[in-house]
Structures are given as structure tokens and as C-alpha cells.
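What follows is a short report on a single structure.
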Amino acid sequence: MIRIRVLVVDDHRIFAESLAAALAAEPDVEVAAAGSGPAALRCLERAAADGRAFDVMLVDAELGISAGQQGRAPIARAVSDDGEEGLVDGISLVAGVRSGQPSVRTVVLAEKDDPRRAALALQAGASGWVAKDCSLQRLLAVIRGVLRDETHLPPALLTGVLRELTAARKHRTESERLVESLTPREREVLRCMVAGLGRKAVAERLFLSPHTVRTHMQNVLGKLGVHSTLAAVALARRAGVGPVDLAGDVVERGGQLA
């Protein structure tokens, strides 16, 4: 019998354990649980290294988001270079898994219908959005469906999600136009900002003075028409701008300095 390996990711321990136990009762399902985004990433990496990769990840839509943050754009902190565990929200986790382990299908579990977050989840690479209070039979049907490359959304959400995706496409086009107005150096600075680097770290990576970096950052904000680094990063992500590769140098020593 081919077994389906499922990873449940939810920081509500009772719910995660209950769901895992219910799924584990199925003869063809094998389940593990993780209580945070970083823990889930480690679990996925270990399983892949052992040749027992997970097939489906079920992740809480509000993972890593406090009550005061609900309804806002997702903000995440990845695991730092020294291994310190930070926040990783559900949508960011979906995107990370999609990028690192594309064979793992992701289904988002939500307490309420939210067209905006559902659209964000699909854009990040999720294959489904399911209510937390749905029946076990419904959840199993979705799990098996996404393994057949199906996309599952509640019918009541479909119109709202399509509207959000259409608006996101328009915003992406506008964001791309603004990013294209930046100079090559300003784009490199923006990529460093997307990676979460501060002014000093950007200066070190680009071999620039902190004063020059400050000027570049001010120019980036001005050309993008925003007033904060967070807003600039959000716009950059909409435009498809990824973070600078923290594992390598952005420019070679001896390259253009400004």
C-alpha cells in the first residue's frame, strides 16, 4: 500500500495533535506535526534527506500571526544564519516550501473564508484552501486531490479570489514599472532590503559607505513612492523582486562602487 505522508503545521497544539491523530487513523496516511514554520522546514529537510519526503503539508493560515496582526500583510522572519528561530507566517512558509521542495503539495487550513489571504496562498504556491472545521472525509478528498495536481477552493470563495488575483496582477504591473525606474545599483540595494539587511550590512555587502547606502535607500523610497522600508519591500515582492543571495557576494570587489 502506498502511504501518503502528511505534515501538519499549526501552533495551536491541541488542534494539531487532534488533526494528526484523526489522519493517522487512515490506513494509507502517515502523519507528523510541527508547531512553527522553522520547525516545519527542519522537518521537511530531514525527511527529504532520509529519502522519506512528505507528500502534503497542511498549514494554518494564521501561523505565526498574532491576533493584532490578523488582516494585515504577512510579515515573516526566517531562521537566522546562527540557527536562531524566528517567525515564519503561513503564507511565507508556503512560498518557501514551494521554492525549496516543489514536490510537496500545500493545503492551507483556515478558520474563516478570506479571499485576500486565499489569493495570497495560491500565489505563494498553495494547492488548496480548506476550512478548519470541514469534515475529515472532505480534508482527505482534498489531500488526495492535490496529489493529482488539482486545486481546491470552497465555491463561495472563488469569485472573491479571482477578483483578488486580477487586482494583484494590476498591482504587479504597476510595481514592475516603478522598479524598472531604479538604477542597477538601486535595484541591488532594494534586493538587500528585501533580504532584511540593514544599512550597515548593505554597505558591507556592496562595498559602499553607509552614507552612500543611505542615499541609495532614500532614492529607492522616493522612486517607488513609499515612505518606509517595509512598504518598499512589499512593493518589491509584488514586482517579483527576490532577496539578494546571502550565501554569496552581490558584487565583486573592484566593481563599480556607486
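For region 102-136, taking the residues that are modelled with pLDDT of 85 or more, part of a loop (DSSP other than H, G, I, E, B) and touching a helix residue (DSSP H, G or I) at 6+ places or on another chain (Cβ under 6 Å), the one that is farthest from Leu153 (Cα to Cα) is identified as Val104. Selection of region 97-116 for residues being farther than 18 Å from Val146 by Cβ and either surrounded by 15 or more Cβ atoms within 10 Å (Cβ to Cβ) or acidic (Asp, Glu) (or both) yields Glu111, Asp113, Asp114, Pro115, Arg116. The number of residues in region 238-258 being surrounded by 17 or more Cβ atoms within 10 Å (Cβ to Cβ) and either within 26 Å of Thr173 (Cβ to Cβ) or modelled with pLDDT of 80 or more (or both) comes to 5. Here is the figure for region 139-196: residues that are touching a Ser or Thr at 6+ places or on another chain (Cβ under 7 Å) and in contact (Cβ under 8 Å) with a residue 60 or more places away in the chain total 1. Number of residues in region 196-236 that are touching a Cys at 6+ places or on another chain (Cβ under 8 Å) and either surrounded by fewer than 17 Cβ atoms within 10 Å (Cβ to Cβ) or over 17 Å from Pro184 (Cβ atoms) (or both) equals 1.
Residues that are touching a His at 6+ places or on another chain (Cβ under 8 Å) and either surrounded by fewer than 18 Cβ atoms within 10 Å (Cβ to Cβ) or not assigned by TED's automatic domain parsing to the domain that holds Ile91 (or both) within region 142-169 comprise just one, Gly145.
The values are calculated or read from the model by the stated rules, or taken from the named source; none is laboratory data. This structure is a prediction, so every number in the text was calculated from the model and none was measured. When we count neighbours, we look across all protein chains shown, and the Cβ atoms used for this are built from the backbone with ideal geometry, even at glycine.
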